[in-house]
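Here the structure is laid out as structure tokens; the discussion comes afterwards.
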Amino acid sequence: MNKKGIIIGVVVLAVIAGIAASFSSSSSESVNLDMERMHGTISTAMGSPILGDPDAPITIVEFGDYQCHQCYNWFHNTKPAITRDYLDTGKANLVFVDMAFLGRDSPKAAQASYCAEDQEMYWEYHEVLYNYQEDKIDGGWANTERLKAFALSLGLDMELFESCLDSGKYSKRVQYNTQQAREHGVRGTPGFFIVGPDGQQQIGGAQPFSVFKQILDQMI
Amino acid sequence: MVQTIKFVFSNFKYIGLSFAIFIPMLIGLLILSEYIFYEPYLVSHLPEGTEFGFALIVIISFLSALVIPMNIYRINILKSSKQKMSGGVFGSIIGAAAGACSCGPVGFAVISTFGSVGATATAFLTNYEIPIRIFAIAILAITYYTTVKSLKLECKINS
């Protein structure tokens, strides 16, 4: 009986050790997704991490493409004021969902942002992409080599980042997000949904801060 | 040149035609290029760094509104050939197409409909938006010059 108990104990310990080892080896590349996450009618489960207070009453869902110059305009002209007045004050939060349709480098850039998320640097990488966006679609600024160079400049673990990007780990995630955009009638980037407690409102294009302010203030 | 413009636009029909080209073209291009939004509110917006593109749209609309009525005048009144008319229309279309695609609804529709071919065309029109618009302005300017020259000859206008 004692012998049997020892054997069972060893087997149980081996199983626990095995599970622990498999978790520790994959933790650096784990996908941190909340598959139930919805904002209004939009599934943002495969989108970005939430920027701002997750408990904020309003969520701004942005559908964007890293090669879209209007997204660049919005990022530089409108987003800073939204961050200052709504995200930093806890009145709203923001989720970025890819609508990667403009060129062959668009899906790759979106995938790279999720590879950065694996190392908890999603928003830093997102910012780098919009800061270094160049005029030409598929002009090389967002090719695989440049995407890796951006990761290097952020001090990411390059071995992990490269294996993630080269394997196409997040290609389905980006496709899913682009499909979400189509299903919700987004016909260009950037496209927004302001999701509040009483419903959601769509905004198309890189509209000025005044438009967002008017809608957000009505919802608060 | 001023005499020729006065000569054509002394007929109010051509002033009306000019406005009928200028206003819809300007507003249409400003909406497509996202300088004007009409949903959820009517609002105009000139983001930093896009001033030059805005100026080119205004120039293209103005030149189209000048050149196309002058050519229609030539065809209607002087029964001239329609050859020069095509220059004005061609310049207007090229100027309108440049940048109209990009990441907006037109680009999305083109890419969704034509796939990779559409994406290539859209990328080209977006990447070379400013040079294409300058090219369109050059076509319209040349058409304007040749139209004025031929009107001077055909109508014997003293400049």
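The values are calculated or read from the model by the stated rules, or taken from the named source; none is laboratory data. In this text the structure is predicted, and so the values were computed from the model without any measurement. Because the Cβ atoms are built from the backbone with ideal geometry, glycine has one as well, and the counts that use them run over all protein chains shown.
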request  = Would you check which residues across region B:21-40 are surrounded by 15 or more Cβ atoms within 10 Å (Cβ to Cβ) and closer than 22 Å to B:L125 by Cα and list them?
outcome  = B:M25, B:L26, B:G28, B:L29, B:L30, B:I31, B:L32, B:S33, B:E34, B:Y35, B:I36, B:F37
note = Of the residues in region B:5-43, those that are of a type in the set (V, I, T) and within 14 Å of chain A (Cβ to nearest Cβ) come to B:I31, B:I36, B:V43
task = With the condition kept exactly as written, say whether any residue in region B:31-41 is over 20 Å from the mean Cα position of the chain (by Cα) and within 17 Å of B:A100 (Cβ to Cβ).
result = yes
request  = Of the numbered conditions (1) closer than 21 Å to A:C115 by Cα; (2) modelled with pLDDT of 95 or more; (3) out of contact with any Gly (no Cβ under 6 Å at 6 or more places or on another chain), A:W74 fails exactly one; give the number of that condition.
outcome  = (1)
inquiry  = Filter region B:41-60 down to the residues that are in contact (Cβ under 8 Å) with a residue 40 or more places away in the chain and surrounded by 12 or more Cβ atoms within 10 Å (Cβ to Cβ) and list them by number.
reply    = B:G53, B:L56, B:I57, B:I59, B:I60
task = May I ask you to verify whether A:V186 is at the interface with chain B (Cβ under 10 Å from one of its Cβ atoms), farther than 18 Å from A:M99 by Cβ, of a type in the set (A, V, I, L, M) and surrounded by 14 or more Cβ atoms within 10 Å (Cβ to Cβ)?
result = no
remark   = Those residues of region B:86-124 that are in contact with a helix residue (DSSP H, G or I) (Cβ under 7 Å, 6 or more places away or on another chain), of a type in the set (G, A, S) and within 12 Å of chain A (Cβ to nearest Cβ) come to a total of 8
ask   = In this structure, is A:I194 over 28 Å from A:H39 (Cα atoms), within 11 Å of chain B (Cβ to nearest Cβ) and in contact (Cβ under 8 Å) with a residue 24 or more places away in the chain?
value = no
In region A:133-148, the residues that are within 19 Å of the chain's Cα centre (by Cα) and aliphatic (A, V, I, L, M) = A:A142, A:L147
ask   = Which condition number does A:D65 fail, the rest of (1) among the acidic types (D, E); (2) within 24 Å of A:R37 (Cβ to Cβ); (3) within 14 Å of chain B (Cβ to nearest Cβ); (4) without any contact (Cβ under 8 Å) to a residue 40 or more places away in the chain being met?
value = (4)
